[in-house]
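Trainee: Here it is, the structure, as structure tokens.
Laboratory data are not the source of any read-out in this text; all were calculated from the coordinates shown. For clarity, every value in this text was computed on a predicted model and none was experimentally measured. As a convention, Cβ positions derive from the backbone with ideal geometry for all residues, glycine included, and neighbour counts pool all protein chains shown.
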């Protein structure tokens, strides 16, 4: 069955093809087709992308038109290949996100979407302030969401960045399916240089798996609809194991801790009792049988310690960094305190 959306998309693709033909005729018959067809029309790896999208039910001619329209962006390759910046200490990293302005604008965002945040919190168990903080860290409450066309970002990295080509090729495939299923204009959607999109900076695979419409109707609009973005962030955390009403992190008291214990990754693997035997105890009572992640970060006056619980680990599933999760957590608490005092 050909739905109205698919008919519209097919018509748009046909119009795009016709437009290219007109441009070619106006420019002269000797104009090389590649000038108008984009940078990846004849790229060998594009066949894999077209085949994968077709297997998912997407019209292959429509996919070809989009690959024809994709443009290689050298600035994306420069950005992703740039040598890693100096790793910041926690106290330096924290200052980026724990600012008076970001806290103040978090309160404003919460007030503007209080009903939506309350509903999503009830549905998912994720506190409103945490959803606000993630959106605040990711895009400054939707103000800085990226200026690259997603099709350009993903095609450039899939076809011209061999080190991570398999990952970005899959994300390009997911993006094409996303656009086909949602009816979104794939040439208009913008995001980061890595293809992350919307208020919450979802990659295409995360969008397809976890994005949700707040009302439950139609495709989630995480680009222009804050309610859908809020619902999607809440659902992402819920789907990754958020535990309603449980703690996130607690201060730790270190007594000559075994430093090797901090090298076990982000997932809670050791019990609170086992960590105590290694020299790290919780500052507040915890069930000795609970699993926790030992955290050690550099403050200006020395090292500070925490025990991250299951919900802390869930935040790291959004971005695989203890400093990221701690920044989100502390920003969420600062926003909640500021709102309560306003």
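Trainee: What is the angle, in °, between the Cα long axis of helix 46-55 and the longest principal axis of the Cα atoms in the chain? Nearest 10 is fine, range 0 to 90.
Mentor: Taking the Cα atoms of the chain, the angle to 46-55 is about 80 degrees.
Trainee: Using the alpha-carbon atoms, what tilt in degrees (0 to 90, nearest 10) does helix 4-27 show relative to the longest principal axis of the chain?
Mentor: 60
Trainee: A further question on this structure: How high is the FRET efficiency between residue 298 and residue 99 when r is their beta carbon distance and R₀ equals 22 Å, given to the nearest 0.05?
Mentor: Numbers: r = 19 Å, r/R0 = 0.89.
Efficiency for this residue pair is about 0.65.
Trainee: Along Cα→Cβ, 7 Å out, is where each label goes; now give me the distance between the ones at residue 161 and residue 269 in nm to one decimal.
Mentor: The two pseudo-label positions are separated by 2.9 nm.
Trainee: Going by how many other beta carbons lie within 10 Å of each one, how would you line up 99, 119, fewest first?
Mentor: 99, 119
Trainee: If r is the Cβ-Cβ distance from residue 205 to residue 147 and R0 is 22 Å, what FRET efficiency results, to the nearest 0.05?
Mentor: Working: r = 22 Å, r/R0 = 0.99.
It comes to 0.50.
Trainee: Mean residue ellipticity at 222 nm from the helices of the chain, using -39,500 (n - 2.57) per DSSP H segment of n ≥ 4 over the full residue count, to the nearest 500 deg cm²/dmol? Present the calculation step by step, with values, prior to reporting the outcome.
Mentor: Working: 16 runs with 186 residues, N = 342.
Using -39500 (n - 2.57) per qualifying helix, the result is -16500 deg cm²/dmol.
Trainee: Taking the Cβ of each residue in 331, 307 as the centre, tally the other Cβ atoms inside 10 Å and list the residues starting with the fewest.
Mentor: Going from sparsest to densest Cβ surroundings: 331, 307.
Trainee: Shifting gears a bit: Note the per residue figure in Å³ for the convex hull of the C-alpha positions in region 155-219.
Mentor: Residue-normalised Cα hull volume stands at 87 Å³.
Trainee: Here's a follow-up. Can you figure out the FRET efficiency of residue 56 with residue 255, using R₀ = 41 Å and their beta-carbon distance, to the nearest 0.05?
Mentor: For R0 = 41 Å, the calculated efficiency reads 0.15.
Trainee: Could you let me know the centre-to-centre spacing of region 284-342 and region 53-94, using Cα atoms, in angstrom?
Mentor: 30
Trainee: Now a separate question. For a distance above 16 Å, tell me the whole-number percent of Cα pairs in region 80-147 that qualify.
Mentor: Counting every Cα pair in region 80-147, those more than 16 Å apart make up 58 percent.
Trainee: Sticking with this one: Could you work out which residue, out of 232, 121, 111, moves most in a Gaussian network model of the chain, that is, has the largest mean-square fluctuation with Cα springs under 10 Å?
Mentor: 111
Trainee: Can you pull the three principal axis extents for the Cα set of the chain, in Å, largest first?
Mentor: Rounded to whole Å, the extents work out to 78, 42, 37 Å.
Trainee: In bins 5 Å wide, starting from 0, what share of all Cα pairs of region 227-315 does each bin hold, as a percent?
Mentor: For region 227-315, the pair-distance distribution reads 3, 14, 23, 23, 15, 10, 7, 4, 1, 0.
Trainee: Further question on the same structure: Could you tell me how many degrees, from 0 to 90 and to the nearest 10, lie between the Cα long axis of helix 165-182 and the main elongation axis, the longest principal axis, of the Cα atoms of the chain?
Mentor: Approximately 70 degrees, to the nearest 10.
Trainee: Right, next: How big is the Cα convex hull of region 98-225 in projection, averaged over all directions, in nm²?
Mentor: Mean projected area for region 98-225: 8.4 nm², to one decimal.
Trainee: Quick check on the exposure proxy: order 107, 132, 261 from fewest to most C-beta atoms within 10 angstrom.
Mentor: By the 10 Å Cβ count, ascending: 261, 107, 132.
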